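Visitor: I am attaching a structure below and will ask some questions about it afterwards.
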Amino acid sequence: MECIKVLYDYLDTFLNFLYPRNIYCILCNVPIDRHEGYSICLDCKGKLRFIEEKACKKCGKPLDELYIIDKCPECVHSLYFYTRAISCIEYDDLSKKVIYDLKYHKKRYISYHIAEMICDRLIECNIYDFDVIIPVPLHKARERERTFNQAGIISKYIGKMTKTYVDNRNLIRVKNTITQNKLTREERRENLEGAFEVLDKAKVKSKNILLIDDVFTTGLTANQCSRVLAENGAVNVYIATLATGRNVY
Ligand SMILES: [Zn+2]
Ligand SMILES: [Zn+2]
């Protein structure tokens with residue numbers, strides 16, 4: 001496993017050297033201008049729903065224009081272990097395709113462009129004070145099956161872009177949780193109890209951590225990771241993901 005990972009890392013570096021970016025749109029494959037950001041054509045950019053001004057200051061989910069307070073109703077009534085979560089785009093069929101292509105069609109180069117989007121969003125949201133980047137881990141068995149952790153490779157690029165240390169070994173998933181999709185919120189919460197552990201507390205203590213994942217849906221997974229990090233002494237845990245859904249209210 002370790003050997004394969006190292007091999008993939010070399011392969012990524014090699015492909016980065018060979019693969020000229022921004023030639024085709026990562027969504028619809030049309031040829032694009034070299035300077036088009038995120039390797040997404042203007043047409044697809046227009047269709048993606050980028051989250052801008054109007055978003056919850058806690059969970060980062062988009063808010064309606066007419067909504068007057070800065071937290072969504074769910075965050076007004078809940079307590080979380082993380083400091084703040086941010087996302088770049090709304091989770092819909094188009095953003096789902098980006099994630100699906102990376103995760104299941106194994107188009108690893110997409111992770112670079114996701115990292116670019118997340119870095120821009122971090123700047124927009126004035127989040128700079130993180131000391132270490134940690135990806136939401138997969139269970140070893142799941143990672144073996146998928147051959148890589150998408151959050152891990154996105155983290156690697158964010159680390160390079162922001163010149164921040166990436167620690168992808170210290171936070172581990174000890175419980176191979178069943179797929180969350182079909183569970184109720186309460187079942188999801190139970191499913192995640194005791195799912196994560198920190199191996200070396202010293203690497204987390206007194207740190208500001210940026211936790212990375214592809215999607216933020218209920219936020220329960222990210223919150224559970226944040227809980228374990230906070231219990232091990234982390235000062236702030238910021239969460240950054242590519243996509244998030246809207247809360248219905
Ligand atoms: Zn396109
Ligand atoms: Zn919220």
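Visitor: Kindly put Ser78, Ser111, Ser155, Ser206 in sequence by how many other C-beta atoms sit within 10 Å of each C-beta, fewest to most.
Guide: Ascending Cβ contact count within 10 Å gives the list Ser206, Ser78, Ser111, Ser155.
Visitor: Taking loop as defined by DSSP and a crowding limit of 11 other beta carbons within 10 Å, which GluC sites (Glu not before Pro) in segment 189-249 fit? Let's see the in-between values first.
Guide: On the way: sites: Glu190, Glu193, Glu197, Glu231; in loops: Glu193.
Passing sites in segment 189-249 are Glu193.
Visitor: Which trypsin sites (Lys or Arg not before Pro) from segment 141-188 combine a DSSP loop assignment with at most 14 other Cβ atoms within 10 Å?
Guide: Hits after loop and neighbour filter: Lys163, Arg169, Lys175, Lys182.
Visitor: At q = 0.09, 0.14, 0.16 Å⁻¹, what log₁₀ I(q)/I(0) does a Debye calculation on the Cα points of the chain give, no solvent, two decimals?
Guide: Log10 of I(q)/I(0), two decimals: -0.38, -0.96, -1.28.
Visitor: Sticking with this structure for a sec: Structure shown: which of Lys175/Lys203; Lys54/Lys97; Lys156/Lys205; Lys47/Lys207; Lys61/Lys140; Lys160/Lys201 lie over 27 Å apart, alpha-carbon to alpha-carbon?
Guide: Over 27 Å apart, Cα to Cα: Lys47/Lys207; Lys61/Lys140.
Visitor: What list do you get for Leu102, Leu183 if you sort them by fewest beta carbons within 10 Å?
Guide: Leu183, Leu102
Visitor: Something else about it: Using the Cα gyration tensor of segment 135-249, with a ≥ b ≥ c the square roots of its eigenvalues, what is the shape: rounded (a/c below 1.5), prolate (a/b larger than b/c) or oblate (neither)?
Guide: Cα axes put segment 135-249 in the rounded bin.
Visitor: Using C-alpha positions alone, give me the convex hull volume of segment 208-249 per residue in cubic angstrom.
Guide: Details: hull volume 2.9 nm³, N = 42.
Measuring per residue, one finds 68 Å³ for the Cα hull of segment 208-249.
Visitor: Which of Thr164, Thr221, Thr184 has the fewest other C-beta atoms within 10 Å, and how do the rest follow up to the most? Intermediate results must be reported in sequence, preceding the final value.
Guide: On the way: Thr164 16, Thr221 23, Thr184 8.
So the ranking, lowest neighbour count to highest, is Thr184, Thr164, Thr221.
Visitor: Then there is this: Among the trypsin sites (Lys or Arg not before Pro) in segment 64-123, which ones are in a DSSP loop with at most 14 other Cβ atoms within 10 Å of the Cβ? Mind listing them?
Guide: Details: sites: Lys71, Arg84, Lys96, Lys97, Lys103, Lys106, Lys107, Arg108, Arg121; in loops: Lys71, Lys106, Lys107, Arg108.
The qualifying sites are Lys106, Lys107.
Visitor: Can you list residues from other chains, or at least 5 along the same chain, whose modelled amide H is less than 5 Å from the amide H of Gly60?
Guide: The answer is Ala85.
Visitor: What helices does the chain have that are whole DSSP H segments, at least 20 Å long along their own axis by Cα, and with mean Kyte-Doolittle hydropathy of 0.0 or more?
Guide: Span-like helices, by this rule, are 2-18, 110-124.
Visitor: Return the calculated 222 nm mean residue ellipticity for the chain, to the nearest 500 deg cm²/dmol, obtained by summing -39500 (n - 2.57) across DSSP H runs with n ≥ 4 and dividing by the residue count.
Guide: When only DSSP H runs of four or more count, the value is -11000 deg cm²/dmol.
Quick note: the coordinates plus some simple rules give every number you see, no bench work behind them. Please read all numbers here as calculations on a predicted model, not as lab measurements. Quick reminder, even Gly has a Cβ in these numbers, built from the backbone with ideal geometry, and neighbours come from all protein chains shown.
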